[in-house]
Structure formats: C-alpha cells, structure tokens
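Take a look at the following structure, please.
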Amino acid sequence: MAAALKAAGLASADQYLNELKLVHIESGFHLEQWLARTFQLCKKSVVRERGPVKRAMEFQLEDVVLEAWKMTNEVAVSRATWAYAWGLAWMLREVELSKVCWEHISWNVARKTVRLYIPSSKTDQKGLGVARTLQCCGLKPCWRGCTWFLTQELLALKNIRHAQDGGPVFPNQNGK
C-alpha cells in the first residue's frame, strides 16, 4: 500500500497509512510489534525527500485596504472583507462561517462580550453544537479584528440592508 501511495505521488500518503493502521485496530486486530514497525518505516518512506511543508501565506487584516472595509449595500466586496475578519476572529472554517445566522449571535453590552453558537462544528463530535464567547480587545479605538468591533459594525450593516432576523450574516448575491 505504501509503495502504491508513494508511486502515485500523494502528499497525504502518510495520513492514508495512519488511517489504514487505525482501520486495522478498530476492526479488532491486534497490532503486533513487527507490524507497528512496518507502518513506521512505511510512513518514513513516503515522506522522505518531500521537502518542507508548503503553506500559503496568511493574509493579515492590517493589509486590507481601507476601501474594502467601507460598509455599502454591495454584498460581494464589503461582506467578503467582514466575513474574512469574522472567520479569523472566531477561528471558523469556511463551512462554519457560511452557516452563521443572526440568531446564533448574542452580545452583552455591559461586558462587551459576544457569544457565537456554532450549530455544526468539526470539533463537536456529538453534533450538539458549540458556543464560544469572546471579549472586546480593550483598545481605544477597537482593533478591526476585535469581535466586539466586528459585531457592532455588522449590526450597523444589518440595519442598512434591512436583513431579516435569523437570516445569514454573510449572504451571497442571492441572499442565501
């Protein structure tokens, strides 16, 4: 299996080998020492000479031009900037970010905290949903990536656009 994955040039070959080992164990088979060592050698082989991990550079909020932050009725441009900042602040995956609705957000003005309920998350193994609460950054004025600042600005945009309560915070051109 390792030879086939290596010959195919899969960058994730080591992950597939790990899954193969887990399937073996979860199927009720004992992992003998010689087999564990074989898996270890196979994993070394498939990652050999791959070089360093290549990751895309992370785009910093400070690099966003001021015009992109301006709130308008244009969905495509301004909402993309705000969606990126919101996802970054809450460490959301795209699939989680696209499902954020107004009914999932609550805030406490006195404490300057924002609570986000995430109905479906990769980290939620039971499928019950998870909630996170973040506080204002405390800077004056607030940093653009502060959850309190983002929430207040998004609420202002919601009022401009007359969004329906419970609708998506970051809708596409069709309002979905």
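The values are calculated or read from the model by the stated rules, or taken from the named source; none is laboratory data. For clarity, every value in this text was computed on a predicted model and none was experimentally measured. A quick note on method: Cβ atoms are made from the backbone with ideal geometry, for glycine too, and the neighbour counts reach across all protein chains shown.
Go over the candidates K112, K176, K158 one by one and state the one that is of a type in the set (K, R), within 27 Å of E67 (Cα to Cα) and at pLDDT 85 or above.
On the way: K176 fails: at pLDDT 85 or above; K158 fails: at pLDDT 85 or above.
It is K112.
Say we look at segment 40-68 and pick out the residues that are hydrophobic (A, V, I, L, M, F, W, C) and in a helix (DSSP H, G or I); which of these is surrounded by the most Cβ atoms within 10 Å (Cβ to Cβ)? It would help to see each step written out before you state the result.
The first filter runs over segment 40-68 and keeps only residues hydrophobic (A, V, I, L, M, F, W, C), leaving 41-42, 46-47, 53, 56-57, 59, 61, 64-66, 68.
Restricting the remaining residues to those that are in a helix (DSSP H, G or I) gives 41-42, 46-47, 61, 66, 68.
Numbers: L41: 10, C42: 20, V46: 22, V47: 14, L61: 14, L66: 7, A68: 12.
Ranking the candidates gives V46 first.
A80: touching a Ser or Thr at 6+ places or on another chain (Cβ under 6 Å), surrounded by 10 or more Cβ atoms within 10 Å (Cβ to Cβ), of a type in the set (A, V, I, L, M) and within 17 Å of L157 (Cβ to Cβ), yes or no? Spell out the reasoning first.
On the way: touching a Ser or Thr at 6+ places or on another chain (Cβ under 6 Å): no; surrounded by 10 or more Cβ atoms within 10 Å (Cβ to Cβ): yes; of a type in the set (A, V, I, L, M): yes; within 17 Å of L157 (Cβ to Cβ): yes.
No: the conditions fail for A80.
Kindly check whether there is at least one residue in segment 91-108 that is at pLDDT 85 or above, in a loop (DSSP other than H, G, I, E, B) and among the β-branched types (V, I, T).
yes
Is there a residue being among the acidic types (D, E) and within 30 Å of A85 (Cα to Cα) anywhere in segment 47-58? Give the derivation first.
Here is the first cut: in segment 47-58, the residues among the acidic types (D, E) are 49, 58.
Now restrict to residues that are within 30 Å of A85 (Cα to Cα): 58.
Yes.
Now for a separate question. Identify, from the list S98, S45, the residue that is within 30 Å of M1 (Cα to Cα) and in contact (Cβ under 8 Å) with a residue 40 or more places away in the chain. Write out each step before concluding.
Details: S98 fails: within 30 Å of M1 (Cα to Cα).
Just a single option satisfies the conditions, and that option is S45.
Looking at segment 135-152, which of its residues are in contact with a strand residue (DSSP E or B) (Cβ under 7 Å, 6 or more places away or on another chain) and buried (at least 17 other Cβ atoms within 10 Å of the Cβ)?
Within segment 135-152, the first condition is being in contact with a strand residue (DSSP E or B) (Cβ under 7 Å, 6 or more places away or on another chain), and the residues that meet it are 135, 147-148, 151.
Of everything in segment 135-152, those that are in contact with a strand residue (DSSP E or B) (Cβ under 7 Å, 6 or more places away or on another chain) and buried (at least 17 other Cβ atoms within 10 Å of the Cβ) turn out to be T147, W148, T151.
Give segment 87-98 a look and list any residue that's within 16 Å of P119 (Cβ to Cβ), in contact with a strand residue (DSSP E or B) (Cβ under 9 Å, 6 or more places away or on another chain) and crowded, with 17+ Cβ neighbours inside 10 Å, or say none.
W90, L92, E96
Please pick out the residue among A85, A2, A36 that is modelled with pLDDT of 80 or more and closer than 30 Å to K158 by Cα.
Numbers: A2 fails: closer than 30 Å to K158 by Cα; A36 fails: closer than 30 Å to K158 by Cα.
Just a single option satisfies the conditions, and that option is A85.
Of all the residues that make up segment 17-38, how many are of a type outside the set (A, V, I, L, M) and closer than 17 Å to A7 by Cα? Steps first, please.
Start the filter on segment 17-38 by keeping residues that are of a type outside the set (A, V, I, L, M), which leaves 18-19, 21, 24, 26-30, 32-34, 37-38.
Imposing the further condition that a residue be closer than 17 Å to A7 by Cα reduces the set to none.
Final tally of qualifying residues: 0.
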